[in-house]
Amino acid sequence: MTADIRDITIGGLTHDIGKVVYRSGDGREHSASGREFLSRVEWLAQSPDILDMVAYHHGRQLSSAKLPADSPAYIVYVADNISAGADRRDMHSEGDGKGFDPATPLASVFNILNGKSAKYGYTAAELQSKRGINYPRETPAPYTRGFYGQILQRLLTGLDAINPDSEYVNSLLDLLEAWLTFVPSSTNQSELADISLFDHCKTTAAIAACIKQYLDQGVAKGGGKPQPPEVGFDAARGQGEAAQERMPADPDAGAGGFRNLPGEAAQGRVSADYRAEIWDAGKSFYDRPCFLLYSFDLSGIQSFIYTISGKGALKSLRSRSFYLEMTVEHIADTILREVGLSRANLIYTGGGHAYMLLANTGETLARLEGMSEAINRWFLEHFQTDLYIATAYVPCSGNDLMNQPREENPFPGLYRRLGRILSEKKLNRYTAGDIRMLNGMGHTQSLRECRECRRTERLDAEGLCPVCKSLAGISGKLIQEGAFFLVTADPPKDREGLPLPYRGHLSVVNAQELGQLQKESPEQIIAFYSKNAMHTGQGLSTNLWMGDYAYGGDFQDLAESAQGIPRIGVLRADVDNLGLAFVEGLRREGPDPYRYVTLSRTAVLSRQLSMFFKYHINEILAKPVFSLGGQGTAGKRKAVVVYSGGDDVFLVGAWDDCVGAAMDLSDAFERFTQGRLHMSAGIGVYAHSYPIKRMAAESGDLEYAAKNLDEGKNAVALFADGFTYHWKDLAGSVVGEKLRLLQGFFAGMDERGKAMLYRVLEYLRQLSEGGAGGRINLARLAYLLARLEPTDGDAARQGLYKEFSKNVYAWALWDAQRKDLECAILLYAYLTREAKT
């Protein structure tokens, strides 16, 4: 990253800091108060360009400022407008007292999702509050001057700890995320206040950095304007020779002629007339294709994670999932470094996917094409065809990002086109050269099959390949508090390390080990990541939110910790119709249906969902609510998060805690999204020795069954696809009504009574099968219920019996109720069955 890109990124990130100053009771217009506040920080006081970006990011101030034509303030001005979604704040801005209420809480982005309307908002808080998850509330308390004053002090302390190097931009991002996540970007009473100040500033910084690269590299080649590339062009697809010619733009790319050729772009800052390019151009600048919406998708994840066997399967699952998650983060960071940008330009990572906003320049395109080929070659060399990365990009303009013109709805189309290109890439993965390389990778007699992953490799004395050996070595360190994930140029010599694509080796260290390496071999450090903890001032440090909840050492431990039968549960869940929610969920009825469909609001929605699955899941599991046993919950869930991110979860645990965790996650997600989104899940129950690949496949089938419930998704499938329920029906009809009745009646009963319950289950199943014996089975059921009547004269037991027998007989008459009762009996049997000795 050049110094100019670093500065403009910092300017974009801090341009609206004056809003916090104003809301704390300062009273001045926020551009002026923001500049004064940042001037208190020594390194920012020595950065006049950054201070100008803060002071003059609105048209009213910029029009009267006597700034040089190449001032980056012009770029931040237009980036702020694009990020806000419309050029709506030139006339009035926060601090002039016209229609703004500083006490306005941040509104929830879910208020308007999927055609709904609500006015929920958030409590004033920092991101990692000791009060737990900040759920949206119907009547949140107004924000106070004291709250904003506290934020200012925290920001000032954090800014003082940061050095003005490009390496510290990510540290600044962490600082702002920590304190501005629940601060509204705008308190204008005529607008929605559902974009946080952090998200707005992050998007502004990303847009500004792209525009800077676009204009500089275009001017450097002789004044021509960079044009959109051919959509999806990839040298790895055998089109490398075409890069020597001028290529026509894709007809979907909008107005424009031809793309820059690789090598035509300049390095570093050049003399550019930003005033003419942006200010004088007026609204026409918003039509220029300055940006690339870029995405990559990692294929082969499930096969890589679940194709294991042997000892320590649970630890292996967790470490393999972690390795792929870090691989995706590393690829994303490597791409951003190669194109000279920061994580401000990273829109989203999760579930093997990533989205970024990059500059539409020849240099960027050349680097993207080269990296795509290099990364897949690396995968072929290390994992053959097990893993593959598909990449795609589409050019876009500021108007596209703002979804203008609205009647054409261009913004959702960008994601649709990306998806189409990625799908095409996955169908045509390899070039002829790739296939020749694979054929040339002959095996020798010295290679054997790894006992863990079954790949053919050179093995150690325990029969493990180098990757499985390293995965086993780091597994125990992953869940340690204060762990850092370190990426170095060379393999570590004194600890387990894992190779990473393109360049780098991954290892897990503690703070002391990291500090020692920073002193002794700083040149070796490419990056390091903290886990669920922000370390402002740590330079290359980036915080990653990670679902790392873990209880128990292996599958057997989890099975033996279960109530009743010693079995493990496997939960697989994901969000229903999420793709549709992103494409159409922000659409409204009326004359302007797409007014809320913008980059900023999509980014907010992505980050909220990511926080739930990557971070909040830890608290949900640590503070259980739902209990099958009916006696409340004690302690933490006996479960392990194998993977949680994007929009899906893979969790293993004691079977009863797995069911309880699923209910808690569904309830929390409903509350978190205000019921606008739902999840569906499959839960399988297995002996601890059952093959993990089969567990994953069968629980996946159950998840599929839940998503195909007749009355729509928002469901869970237990044991077999015949026991599929909407969450409220499982909680109410199956557990709350029928299981609780069984637990009340059979409590304290001897084994004879419980044995008779199995007979009840048998008759219920025969009734469900239908046929000529229906009446006979119903009569047998009535007879069996009569035999269960207490004979000890206990009035309380008689009352329980009457309620039990009456309800069981009535439920047996109706198909849906009978199926619910069958499930409740199975749950009761599992809860009360003792392990065989």
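The values are calculated or read from the model by the stated rules, or taken from the named source; none is laboratory data. Computed from a prediction, not measured in an experiment: that's the story for all the values here. Backbone-built Cβ (ideal geometry, glycine too); neighbour counts: all protein chains shown. Accessible surface areas use protein heavy atoms only, side chains included; no ligands, DNA or RNA. Shrake-Rupley method; radii C 1.70, N 1.55, O 1.52, S 1.80 Å.
Can you say whether residue 701 is modelled with pLDDT of 95 or more and surrounded by fewer than 20 Cβ atoms within 10 Å (Cβ to Cβ), as far as the supplied structure shows?
Details: modelled with pLDDT of 95 or more: no; surrounded by fewer than 20 Cβ atoms within 10 Å (Cβ to Cβ): yes.
For residue 701, the condition - modelled with pLDDT of 95 or more and surrounded by fewer than 20 Cβ atoms within 10 Å (Cβ to Cβ) - is not met.
Output the number of the condition that residue 823 fails; it satisfies all remaining conditions of (1) part of a loop (DSSP other than H, G, I, E, B); (2) out of contact with any Lys or Arg (no Cβ under 6 Å at 6 or more places or on another chain).
(1)
If a residue has to be open to solvent by less than 30 Å² (accessible area, probe 1.4 Å), of a type outside the set (Lys, Arg) and at pLDDT 85 or above to count, how many in region 307-329 make the cut? Full working, then the answer.
Filtering region 307-329 for residues open to solvent by less than 30 Å² (accessible area, probe 1.4 Å) gives 308, 313-314, 316-324, 326-329.
Within this subset, residues satisfying the condition of being of a type outside the set (Lys, Arg) are 308, 313-314, 316-317, 319, 321-324, 326-329.
The next check asks that each one be at pLDDT 85 or above; those that pass are 317, 319, 321-324, 326-329.
The number of residues fulfilling the criteria is 10.
Does region 94-111 contain at least one residue that is more than 30 Å from residue 618 (Cα to Cα), out of contact with any His (no Cβ under 9 Å at 6 or more places or on another chain), among the charged types (D, E, K, R) and modelled with pLDDT of 95 or more?
No, region 94-111 contains no residue that is more than 30 Å from residue 618 (Cα to Cα), out of contact with any His (no Cβ under 9 Å at 6 or more places or on another chain), among the charged types (D, E, K, R) and modelled with pLDDT of 95 or more.
For region 681-689, state whether one or more residues are under 23 Å from the mean Cα position of the chain (by Cα), closer than 20 Å to residue 619 by Cα, touching a residue at least 60 places away in the same chain (Cβ under 8 Å) and open to solvent by less than 40 Å² (accessible area, probe 1.4 Å).
Within region 681-689, one or more residues are under 23 Å from the mean Cα position of the chain (by Cα), closer than 20 Å to residue 619 by Cα, touching a residue at least 60 places away in the same chain (Cβ under 8 Å) and open to solvent by less than 40 Å² (accessible area, probe 1.4 Å).
Out of all the residues in region 738-778, which are open to solvent by 60 Å² or more (accessible area, probe 1.4 Å) and either of a type in the set (Lys, Arg) or touching a helix residue (DSSP H, G or I) at 6+ places or on another chain (Cβ under 8 Å) (or both)?
740, 752, 758, 759, 765, 775
Would you confirm whether or not region 790-805 contains a residue that is within 29 Å of residue 698 (Cα to Cα), without any contact (Cβ under 8 Å) to a residue 12 or more places away in the chain and open to solvent by less than 40 Å² (accessible area, probe 1.4 Å)?
No, that holds for no residue.
So if I check each of 73, 79, which one is small (Gly, Ala, Ser), at pLDDT 95 or above and closer than 30 Å to residue 136 by Cα?
79
Which one of 734, 716 is in contact with a helix residue (DSSP H, G or I) (Cβ under 7 Å, 6 or more places away or on another chain), closer than 22 Å to residue 658 by Cα, aliphatic (A, V, I, L, M) and not in a helix (DSSP H, G or I)?
Step by step, each of 734, 716 is checked, and only 716 is in contact with a helix residue (DSSP H, G or I) (Cβ under 7 Å, 6 or more places away or on another chain), closer than 22 Å to residue 658 by Cα, aliphatic (A, V, I, L, M) and not in a helix (DSSP H, G or I).
Which residues, counting only those in region 129-162, are open to solvent by 30 Å² or more (accessible area, probe 1.4 Å) and under 28 Å from residue 42 (Cα atoms)?
145, 146, 150, 153, 154, 156, 157, 160, 161 - these are the residues of region 129-162 that are open to solvent by 30 Å² or more (accessible area, probe 1.4 Å) and under 28 Å from residue 42 (Cα atoms).
For the list (1) modelled with pLDDT of 95 or more; (2) on the phi > 0 side of the Ramachandran plot, I need the number of the one condition that residue 132 fails.
Only one criterion is unmet by residue 132, namely (1).
Report whether or not residue 627 is hydroxyl-bearing (Ser, Thr, Tyr), within 30 Å of residue 702 (Cα to Cα) and assigned to a loop (DSSP other than H, G, I, E, B).
When the stated conditions are applied, residue 627 passes them.
Of all the helices (runs of 4 or more DSSP H) wholly in region 2-43, which have at least 2 residues that are surrounded by fewer than 24 Cβ atoms within 10 Å (Cβ to Cβ)? Working first, answer last.
On the way: elements: 3-14, 18-21, 30-38.
Fully inside region 2-43 and qualifying: 3-14, 30-38.
I'd like to check something: does region 429-438 contain any residue that is open to solvent by 50 Å² or more (accessible area, probe 1.4 Å) and not in a helix (DSSP H, G or I)?
Looking for residues that are open to solvent by 50 Å² or more (accessible area, probe 1.4 Å) and not in a helix (DSSP H, G or I), one finds at least one in region 429-438, hence yes.
Of the numbered conditions (1) in contact with a His (Cβ under 8 Å, 6 or more places away or on another chain); (2) within 24 Å of residue 554 (Cα to Cα), residue 488 fails exactly one; give the number of that condition.
(2)
Being touching a residue at least 40 places away in the same chain (Cβ under 8 Å) and assigned to a loop (DSSP other than H, G, I, E, B) is the filter; apply it to region 47-63 and report the residue that is most open to solvent (accessible area, probe 1.4 Å).
Selected residue: 47.
Condition first: in contact with a helix residue (DSSP H, G or I) (Cβ under 7 Å, 6 or more places away or on another chain) and among the hydroxyl-bearing types (Ser, Thr, Tyr). Now tell me which residues in region 295-333 satisfy that.
Selection gives 295, 299, 306, 307, 316, 319, 321, 323.
Could you tell me how many of the residues in region 353-371 are open to solvent by 10 Å² or more (accessible area, probe 1.4 Å) and in contact with a strand residue (DSSP E or B) (Cβ under 6 Å, 6 or more places away or on another chain)?
The total comes to 2.
Name the pairs whose Cβ atoms lie under 7 Å apart, with the first residue in region 278-301 and in contact (Cβ under 8 Å) with a residue 24 or more places away in the chain and open to solvent by 10 Å² or more (accessible area, probe 1.4 Å), the second assigned to a helix (DSSP H, G or I) and among the basic types (Lys, Arg), and 6 or more positions between them or separate chains?
299/426
Within region 545-595, how many residues are free of Cβ contacts under 8 Å to residues at least 60 places away in the same chain and charged (D, E, K, R)?
1
Considering region 282-304 alone, what residues qualify as being modelled with pLDDT under 95 and small (Gly, Ala, Ser)?
Hits for region 282-304 are 282, 284, 299, 300, 303.
Take the residues of region 617-666 that are open to solvent by less than 10 Å² (accessible area, probe 1.4 Å) and polar (S, T, N, Q): which is modelled with the highest pLDDT?
Only one residue tops the list, namely 666.
Failed condition for residue 66, given (1) surrounded by 19 or more Cβ atoms within 10 Å (Cβ to Cβ); (2) in a loop (DSSP other than H, G, I, E, B); (3) out of contact with any helix residue (DSSP H, G or I) (no Cβ under 6 Å at 6 or more places or on another chain), with all others met?
(1)
Do the conditions hold for residue 484, that is, is it at pLDDT 85 or above and over 30 Å from residue 583 (Cα atoms)? First the steps, then the outcome.
Values: at pLDDT 85 or above: yes; over 30 Å from residue 583 (Cα atoms): yes.
The answer is yes for residue 484.
For region 508-520, give me each residue that is over 15 Å from residue 482 (Cβ atoms) and touching a strand residue (DSSP E or B) at 6+ places or on another chain (Cβ under 8 Å).
Those that are over 15 Å from residue 482 (Cβ atoms) and touching a strand residue (DSSP E or B) at 6+ places or on another chain (Cβ under 8 Å): 517, 518.
Please determine whether any residue of region 376-397 is charged (D, E, K, R), out of contact with any Gly (no Cβ under 7 Å at 6 or more places or on another chain), closer than 29 Å to residue 505 by Cβ and surrounded by fewer than 16 Cβ atoms within 10 Å (Cβ to Cβ).
So far as region 376-397 goes, yes, one or more of its residues are charged (D, E, K, R), out of contact with any Gly (no Cβ under 7 Å at 6 or more places or on another chain), closer than 29 Å to residue 505 by Cβ and surrounded by fewer than 16 Cβ atoms within 10 Å (Cβ to Cβ).
Being surrounded by 21 or more Cβ atoms within 10 Å (Cβ to Cβ), in contact with a Phe, Trp or Tyr (Cβ under 9 Å, 6 or more places away or on another chain) and among the polar types (S, T, N, Q) narrows it down to one residue among 561, 530, 507; which is it?
Of the residues listed, the single one that is surrounded by 21 or more Cβ atoms within 10 Å (Cβ to Cβ), in contact with a Phe, Trp or Tyr (Cβ under 9 Å, 6 or more places away or on another chain) and among the polar types (S, T, N, Q) is 507.
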